[in-house]
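All remarks here apply to the structure that follows.
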Amino acid sequence: MPHAACRRKVAEKFGLDRPPGRVLVVDWVPSRPERPEGLVVVYDGGVLVPGEVAAITPQDGALAGYAFVKPEDVAERVSPLLARRIAACLDAAMAGTVISLEDGCPVEAVADAVGIQQAVEVAAAGAYYLQPTPRYAAARPSTA
């Protein structure tokens with residue numbers, strides 16, 4: 001039950017009980033020495049009102065803190081993988097779609113979940129990438 005797990009994690013890490021919105025991104029991440037491979041599902045957290053922002057309390061040392069930053073400033077504050085994933089989440093939210101990623105990079109095949117015509121329209125708008133765009137291409141991991 002990923003939806004319930006998301007709600008529980010937000011409550012555990014931030015002290016907020018909020019229902020998650022729709023799925024924005026699904027990201028497969030390969031195994032690394034410190035962790036096994038995994039599938040990350042990112043939900044839309046919605047818009048926080050000032051009272052909710054004031055109520056954010058990082059719990060049990062899980063986080064050192066939090067910040068609201070402009071999209072163009074994200075890459076300076078997080079790892080390249082998270083920067084790619086956050087950029088894809090913003091694109092998915094704007095386009096009203098779900099973006100499939102592999103290690104933070106858009107998959108080159110468009111899923112037929114919304115129909116070919118809609119997928120083509122979204123791709124033409126630059127929200128779902130048939131091939132990596134320059135924003136993602138520089139950070140795309142090498143497969144060699």
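Derivation of every value follows stated rules applied to the coordinates shown; laboratory data play no part. Just so it is clear, the model here is predicted, and its values are computed rather than measured.
Annotations
- Database remark: amide H of residue 105 closer than 5 angstrom to no amide H (H placed geometrically; neighbours at sequence offset of 5 or more, or on other chains; Pro and chain starts carry no H).
- In order along region 89-104, the phi-based Karplus estimate (6.51 cos²θ - 1.76 cosθ + 1.60, θ = phi - 60°) of 3J(HN,Hα) comes to 4, 5, 4, 5, 4, 5, 8, x, 10, 10, 10, 9, 10, 10, 6, x Hz; Gly and Pro are listed as x.
- Rounded to the nearest whole Hz, the Karplus-based 3J(HN,Hα) values (6.51 cos²θ - 1.76 cosθ + 1.60, θ = phi - 60°) of region 41-53 follow the sequence 10, 10, 9, 6, x, x, 9, 8, 7, x, x, 5, 4, with x at glycine and proline.
- Amide H contacts of residue 24 (H built 1.01 Å from N, in plane; Pro and chain starts excluded): 42, 43, 44 sit under 5 Å, all sequence-distant by 5 or more or on other chains.
- Vicinal HN-Hα couplings computed from phi for region 57-65 (Karplus, 6.51 cos²θ - 1.76 cosθ + 1.60; Hz; Gly/Pro x): 9, x, 9, 6, x, 5, 9, 6, x
- Amide H partners (placed H, <5 Å) of residue 56, local residues excluded: none
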